[in-house]
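Shown next, in structure tokens, is the structure this report addresses.
Please treat every number below as a calculation from the coordinates, not as lab data. Note that the structure is predicted; figures quoted are calculated from it, not measured. Glycine gets a Cβ as well: all are built from the backbone with ideal geometry, and neighbour counts include every protein chain shown.
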Amino acid sequence: MKILVAGATGKTGLRLVKELKTRGHDPIALVRDGSDKSALPEDVELRHGDLADLNDTVCEGCDVVVFAAGSGSSTGPDMTDKIDRDGAKRLIDLAVQSKVSRFVMLSTVGADNPDVDSKLAHYLQAKHDADEHLMASGIEYAILRPVALTEEDGTRDIRLGEDVDVEATAARGDVAFLLANAVEDNEWPGKALLMQSA
């Protein structure tokens, strides 16, 4: 399958691109001008686009779209809205327009019911709004909500759903593995699942 990965040069997105390649898929990396593409596999197709200003054809020819992007912890509320909320919503709309068969969203713990008293309240609300937009879009979807991320590869010993400890951690390697599963597996559509590395 041809799979557009938004956030392909990020810490989780890079792992996802490599995971998809090992499974025989054709990942397409959505990259901004000036982003560091050096860690991407050499033969990965690049599609240029900025989540703050996407062109109408960015999803054309793709079977699945994965949103694994983020504005980053060092940016302010404006960029959070621009990328994590509005960029995600626009990408969802373009995926629908291009008749993409499935949209996989990397979300976060707490996005289902944002805590207004949390120091991450603005970010959680942005992710909530994007998730809600996806669920209402009519496209086949899967949403993964990991707990706090670590830079580890993980062991693929993973907990999902109600068994998850929200105070636990999730290895980025395990997250990428599950995102790839959500691309392929027909058990995933229509689900929004918490996850942790066990």
**Message:** Can you tell me how the range 57-141 classifies by the Cα gyration tensor, rounded, prolate or oblate, using a/c under 1.5 as the rounded cut?
**Reply:** prolate
**Request:** Using only Cα atoms, locate the centre of the range 168-191 and the centre of the range 1-54, then give the distance between them in Å, rounded to an integer.
**Result:** 17
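Would you work out if the range 112-198 is rounded, prolate or oblate? Take a ≥ b ≥ c from the square roots of the eigenvalues of the alpha-carbon gyration tensor; rounded if a/c is under 1.5, else prolate when a/b is larger than b/c, oblate otherwise. Before the final figure, lay out the partial values.
Values: a/c = 2.01, a/b = 1.08, b/c = 1.86.
Oblate, since a/c reaches 1.5 and b/c is not below a/b.
Divide by every residue of the chain the summed helix terms, -39500 (n - 2.57) for each DSSP H run of at least 4, and state the resulting mean residue ellipticity at 222 nm, rounded to the nearest 500 deg cm²/dmol. Spell out each step's value before the answer.
Working: 4 runs with 51 residues, N = 198.
Dividing the helical sum by the residues of the chain leaves -8000 deg cm²/dmol.
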**Request:** Please give the net charge around Pro189, taking every other residue with its beta carbon less than 10 angstrom from that of Pro189, where Lys and Arg add +1 and Asp and Glu add -1.
**Result:** -1
**Request:** Could you pull out the longest piece of the chain with no exposed loop GluC sites (Glu not before Pro) in it, calling a site exposed if DSSP puts it outside H, G, I, E, B and it has at most 11 other Cβ atoms within 10 Å?
**Result:** 43-150
**Message:** Spelling out what I want: for every residue of the range 106-114, take phi, set θ = phi - 60°, compute 6.51 cos²θ - 1.76 cosθ + 1.60 (Karplus), and round to whole Hz; glycine and proline get x.
**Reply:** 8, 10, 7, 4, x, 6, 6, 8, x
**Asked** For Arg156, what is the net charge nearby, where nearby means another residue's Cβ is under 12 Å from its Cβ and Lys, Arg count +1, Asp, Glu -1?
**Response** -4
**Asked** In nanometres, what is the gap between the two model label sites at Asp163 and Asp53, each 7 Å from Cα along Cα-to-Cβ?
**Response** 4.8
**Complete:** Of Ser137, Ser71, Ser38, the most mobile residue in a GNM of the chain (C-alpha springs, cutoff 10 Å) is Ser38
**Message:** Quick one: 3J(HN,Hα) in Hz for the range 50-61, Karplus 6.51/-1.76/1.60 with θ = phi - 60°, rounded, Gly and Pro as x.
**Reply:** 10, 4, 7, 7, 7, 7, 5, 9, 4, 9, 4, x
**Prompt:** What label, among (i) 16.5; (ii) 17.7; (iii) 17.1, belongs to Kirkwood radius over Cα pairs in Å computed from the structure on display?
**Reply:** (i)
**Asked** Tally Lys and Arg at +1 and Asp and Glu at -1 over the other residues with C-beta under 13 Å from the C-beta of Asp86: what net charge comes out?
**Response** -2
**Fill in**
As straight-line cross-link partners of Lys37, the qualifying lysines (C-alpha separation under 20 Å, not fewer than 8 residues apart within one chain) are Lys2, Lys11, Lys18, Lys21
**Message:** If the elastic network links every pair of Cα atoms under 10 Å, which of Arg102, Arg90, Arg159 fluctuates the most in the Gaussian network model of the chain?
**Reply:** Arg159
**Fill in**
Given the candidates Leu124, Pro146, Val100, the one whose Cα lies deepest towards the positive end of the charge dipole of the range 85-198, counting +1 at each Lys or Arg C-beta and -1 at each Asp or Glu C-beta, is Val100
**Request:** Would you pull out the residues with amide H under 5 Å of Ile158's amide H, same chain only if 5 or more places away, H placed 1.01 Å from N?
**Result:** Ala198
